[in-house]
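Novice: Take this structure, written in structure tokens, and hold onto it; I'll ask about it next.
The values are calculated or read from the model by the stated rules, or taken from the named source; none is laboratory data. None of the values given here were measured: they were computed from a predicted structure. Don't worry about glycine lacking a Cβ; one is built from the backbone with ideal geometry, like all the others, and counts go over all protein chains shown. Just so you know, the surface numbers come from the protein's heavy atoms only, side chains and all, with ligands and any DNA or RNA stripped out. Shrake-Rupley method; radii C 1.70, N 1.55, O 1.52, S 1.80 Å.
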Amino acid sequence: MNILVGISRVPDTATKVAIDESGTAISAKGVKYIVNPYDEYAIEEALQLKQKHGGTVTAVTVADDGGKETLRSALAMGVDKAILVKDEQGLDSFGIAATLSELAGQDYDLVLLGRQSIDFDSFQMAGLLGELLGRPSLTVVSKLEIDGQTVKAERDIEGGKESVTSSLPCVISVQKGINDPRYPKLPDIIKAKKKPIEERAAQNLPARVTVTRMEMPPAKSGGVVLGDTADDIKELVRLLREDAKVI
Amino acid sequence: MKILAYLETQEGAFKKNAFEAIKAARHIAELTGGEFIGATSGIDAANIQEAGKYGLETCFTLDHDALAQPNAAALAQAVSGLAEQETCQIVVFPATALGKETAPRVAVRLQAGMVADTIDIQRDGDCLVAVKPVYAGKALATVKIEAPQQVYTIRPNIFTATADSSATVSVSSFAPSLDDVATKTTVTGVTRNTGKLDVAEAEIIVSGGRGLKGPENFYLIEELARAFGAAVGASRAVVDAGWRPHAEQVGQTGKTVSPNLYVACGISGAVQHLAGMSSSKNIVAVNKDKNAPIFQVADYGVVGDVFEVLPELTRLVSETTGNKIEA
Ligand SMILES: Cc1cc2nc3c(=O)[nH]c(=O)nc-3n(C[C@H](O)[C@H](O)[C@H](O)COP(=O)(O)OP(=O)(O)OC[C@H]3O[C@@H](n4cnc5c(N)ncnc54)[C@H](O)[C@@H]3O)c2cc1C
Ligand SMILES: Nc1ncnc2c1ncn2[C@@H]1O[C@H](COP(=O)(O)O)[C@@H](O)[C@H]1O
């Protein structure tokens, strides 16, 4: 089974966010980039599937030059091949999906993704790719079994789980809980530095969506601070009833 | 401008998010001077009338065996087929498991631009712009769709709907033609966490963190939740420790929630937790450390020990709501 894993390069979750001069993006200054946390589950799942069924695992990211660093992490975890699709333009989700679909349409039985990128939380790639490729998509998968061409999965839905069956080739996005991603060992990290990264150019595609403004959320000012005496708690309940009107 | 809202159902009735989708569609119709229609499946004509209370006048039922328990590919083909037939330029989905997967597929089929997890839609000159939280809620992006066709998913509990109308819904059937991608995936079963309110859908959530000290003390959270009529939530620290199931986790790697009231007990307020709950309409924090970051987003902060505060709070809330504390 040949698997393509899509990896997105995102700011570390602990990053302090500031808006840059353009007012439409966050400032890149001091931002540390990491492999999108959900994508680590996708890489791990791909490696485990390869162990069971054979085949190859290829990691791809559509990113600027920094994407190489992201791919090194995937190589250190053990993927066979890494492809950087160089995007100088800053493609939107649709542009990334269109670029990935060209690659994925070739000879991959399965495209594995994370459930969402934690930068824009777009949650779109699996659906976009599935539709562009004319293949089924299964999202937020927390349990996966593949037998021949048959795919059995469990996905998280509101208030429970859904069991689905589908078939290869398809696009699957995974959720925390599906596995425990391995930590690469130091020798693997060093070896990964020497492995080749294939580079390709991204297509030039007009944006379907553009960010016109980026701002900090309005600060919560003047929250009421109470102590823990019986009177304070009585006051809290009064405020919830009379001010907030939630009970 | 014509807008199509997808109305999600469960066991033959509309879910609350269906009325929110109507509300969002109605809001866009007001901004653009357009009209809106609904599309649904798995519900009979009599139960569809409920949507009239929220101002829906026209609704199509998507009639195909594959849509009784829809998968995203099938639903996308049906919804985009209907949008084309009815010349709808804008399609609205709830940002639910089903909506989030179906919406991008519809966007591809309609050659539309798409914005996910929208919390506001505004008019900007001749265009619409949508606001969505990004970077774990640390910033808000205003996004413009450049394409004439547009697809939005809307965050639950934001476009709160009120039953302020008495429209009669005219119901028609739409029989989509589905290709074989639509039928490759089958939903074979659904298991629901029985008897429990889900955090993703609750109006009120009471969450507990490591400050509770151990799983055996979560009865304090459960009792307060019952007093409020609320769902139980948890921080990742207590989920990872195995005290609570992952389904209850709120935050970046858990669920994103925006209830009317979020009560955080013994939770420090790490950015990844805030990412999942900072858009809640009212936030109460109970924490013994007055410098805990959770107080920066709290509307009502109680600096105190959960073991002292929660029993008293539970008693008073239960008195006010009349809800019983015992299971
Ligand atoms: C990639 C990534 C994703 C993550 N995703 C999530 C996520 O989805 N959700 C999430 O919640 N976290 C997430 N985290 C973890 C997050 O960073 C925090 O570690 C976690 O939220 C802390 O949980 P906590 O507040 O329960 O525990 P702590 O941070 O240990 O806080 C406990 C709090 O309880 C207070 N306390 C202690 N005793 C008492 C008492 N007796 N009475 C009152 N207060 C008391 C303390 O003052 C403290 O503020 C993520 C982290 C990473 C790196
Ligand atoms: N630029 C990218 N390059 C490769 N894969 C990506 C990229 N962006 C997103 N993905 C994949 O798609 C998933 C969902 O992303 P999103 O739709 O952006 O929330 C991510 O977890 C990745 O697996």
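Novice: Using only atoms on other chains, find how many Cβ atoms lie within 10 Å of each Cβ of peptide A:111-121 and report the average.
Specialist: On the way: counts 0, 0, 0, 0, 2, 6, 1, 7, 3, 9, 12.
Counting Cβ atoms of other protein chains within 10 Å of each residue's Cβ and averaging gives 4.
Novice: Could you compute how much accessible surface B:Glu201 exposes when probed at 1.4 Å, giving the result in Å² to the nearest 10?
Specialist: Using a 1.4 Å probe on the heavy atoms, I get roughly 70 Å².
Novice: Further question: At a threshold of 8 angstrom on Cα-Cα distance, excluding pairs fewer than six apart, so keeping six or more, what relative contact order does chain B reach in percent?
Specialist: Numbers: 733 pairs, mean separation 48.7, N = 327.
Over chain B, the number comes to 15 percent.
Novice: Sticking with this one: Per residue of region B:308-316, what does 6.51 cos²θ - 1.76 cosθ + 1.60 with θ = phi - 60° give for ³J(HN,Hα)? Whole Hz please, x for Gly and Pro, Karplus curve as stated.
Specialist: My calculation for region B:308-316 gives 9, 6, 4, x, 5, 4, 4, 4, 5 Hz in order.
Novice: While we're here: Considering only DSSP beta bridges with both partners in the protein assembly as shown, what is the antiparallel share in %, to the nearest 5?
Specialist: On the way: 43 of 117 bridges.
If we restrict to bridges inside the protein assembly as shown, about 35 percent are antiparallel.
Novice: Build a GNM of chain A with springs between Cα atoms under 10 Å: which of A:Val35, A:Val111, A:Val17 gets the top mean-square fluctuation?
Specialist: Ranking A:Val35, A:Val111, A:Val17 by mean-square fluctuation puts A:Val17 first.
Novice: Rounded to the nearest 5, what is the percent of antiparallel bridges among the DSSP beta bridges in chain B? Please list the in-between numbers first.
Specialist: Working: 13 of 59 bridges.
Approximately 20 percent, going by the DSSP bridge assignments.
Novice: Now a separate question. Can you give the log10 of the normalised intensity I(q)/I(0) at q = 0.12 Å⁻¹, computed with Debye over equal Cα scatterers of region A:2-201?
Specialist: With no solvent term, the Cα-only Debye profile gives -0.58.
Novice: Evaluate peptide B:251-259: per residue, the Cβ atoms of other protein chains within 10 Å of its Cβ; return the mean as an integer.
Specialist: Working: counts 1, 7, 10, 1, 2, 2, 0, 0, 1.
Per-residue shielding by partner chains comes out at 3.
Novice: Here's another thing I want to ask about it. Give the peptides A:45-58, B:68-81 in descending order of average Cβ contacts within 10 Å, highest first. Please list the in-between numbers first.
Specialist: Working: A:45-58: 17.7, B:68-81: 24.7.
So the peptides A:45-58, B:68-81, ranked by packing, come out B:68-81, A:45-58.
Novice: Work out the mean other chain Cβ neighbour count within 10 Å for the residues of B:297-309 and drop it here as an integer.
Specialist: 5
Novice: Next up: Which ³J(HN,Hα) values, rounded to whole Hz and listed in residue order, are derived for region A:22-31 from phi using the Karplus coefficients 6.51, -1.76 and 1.60 in 6.51 cos²θ - 1.76 cosθ + 1.60 with θ = phi - 60°, glycine and proline given as x?
Specialist: 3J(HN,Hα) across region A:22-31, in whole Hz: 5, x, 10, 8, 8, 5, 7, 4, x, 7.
Novice: Between region B:119-133 and region A:1-41, what's the alpha-carbon centroid distance in Å?
Specialist: 24 Å
Novice: Taking every eigenvalue of the Cα gyration tensor of region B:2-183, multiplying by 5 and rooting it, what semi-axes result, largest first, whole Å?
Specialist: On the way: eigenvalues 111, 73, 47 Å².
Taking √(5λ) for each eigenvalue gives 24, 19, 15 Å, largest first.
Novice: Given 20 °C and 1.002 mPa s, how large is the Stokes-Einstein diffusion coefficient of region B:204-321 in µm²/s, with Rh as the Kirkwood radius over Cα pairs? Working shown, then result.
Specialist: Numbers: Rh = 13.6 Å.
Using the Kirkwood radius from Cα pairs, D works out to 157 µm²/s.
Novice: How high is the relative contact order of region B:2-183? Use alpha-carbon pairs under 8 Å, at least six apart in sequence, and give a whole percent.
Specialist: Numbers: 406 pairs, mean separation 54.1, N = 182.
Relative contact order of region B:2-183: 30 percent.
Novice: Using all Cα-Cα distances in the protein assembly as shown, what percent lands in each 20 angstrom bin from 0 up to the longest?
Specialist: All Cα pairs, binned at 20 Å, distribute as 21, 54, 24, 1 percent.
Novice: Something else now. For chain A, what is the relative contact order in percent, using Cα pairs closer than 8 Å and at least 6 residues apart in sequence?
Specialist: Working: 450 pairs, mean separation 58.6, N = 247.
Result for chain A is 24 percent.
Novice: Additional query: Could you tell me the center-to-center distance, by alpha carbons, between region B:229-285 and region A:173-247 in angstrom?
Specialist: 12 Å
Novice: Hey, another quick one. Can you work out the FRET efficiency for the pair A:Ile190 and A:Glu88, with r the C-beta to C-beta distance and R0 = 25 Å, to the nearest 0.05? Please list the in-between numbers first.
Specialist: On the way: r = 30 Å, r/R0 = 1.19.
In this case the efficiency is close to 0.25.
Novice: Amide H neighbours of A:Ala25 under 5 Å, counting only residues 5+ apart in sequence or on other chains, H built in-plane at 1.01 Å?
Specialist: Answer set, sorted by chain and number: A:Asp20, A:Met214.
Novice: Additional query: Tell me, what ³J(HN,Hα) does each residue in region B:28-41 have, in order and in whole Hz, if you take phi through Karplus 6.51 cos²θ - 1.76 cosθ + 1.60 with θ = phi - 60° and put x for Gly and Pro?
Specialist: Couplings: 5, 4, 5, 5, 10, x, x, 10, 9, 10, x, 9, 8, 8 Hz.
Novice: So how exposed is B:Thr9, as accessible area in Å² (1.4 Å probe, rounded to 10)?
Specialist: 30 Å²
Novice: Which of the trypsin sites (Lys or Arg not before Pro) found in region A:152-206 are loop residues per DSSP with 14 or fewer other Cβ atoms within 10 Å of their Cβ? Present the calculation step by step, with values, prior to reporting the outcome.
Specialist: On the way: sites: A:Lys152, A:Arg155, A:Lys161, A:Lys176, A:Arg182, A:Lys185, A:Lys191, A:Lys193, A:Lys194, A:Arg200; in loops: A:Lys176, A:Arg182, A:Lys185.
The qualifying sites are A:Lys185.
Novice: Holding the Cα-Cα limit at 28 Å, pick out from A:Lys185/B:Lys138; A:Lys220/B:Lys132; A:Lys16/B:Lys196; A:Lys245/B:Lys255; A:Lys81/B:Lys132; A:Lys29/B:Lys288 the pairs that are longer than that. Before the final figure, lay out the partial values.
Specialist: Values: A:Lys185/B:Lys138 33 Å; A:Lys220/B:Lys132 18 Å; A:Lys16/B:Lys196 36 Å; A:Lys245/B:Lys255 25 Å; A:Lys81/B:Lys132 35 Å; A:Lys29/B:Lys288 35 Å.
The pairs that break the limit, which is 28 Å between Cα atoms, are A:Lys185/B:Lys138; A:Lys16/B:Lys196; A:Lys81/B:Lys132; A:Lys29/B:Lys288.
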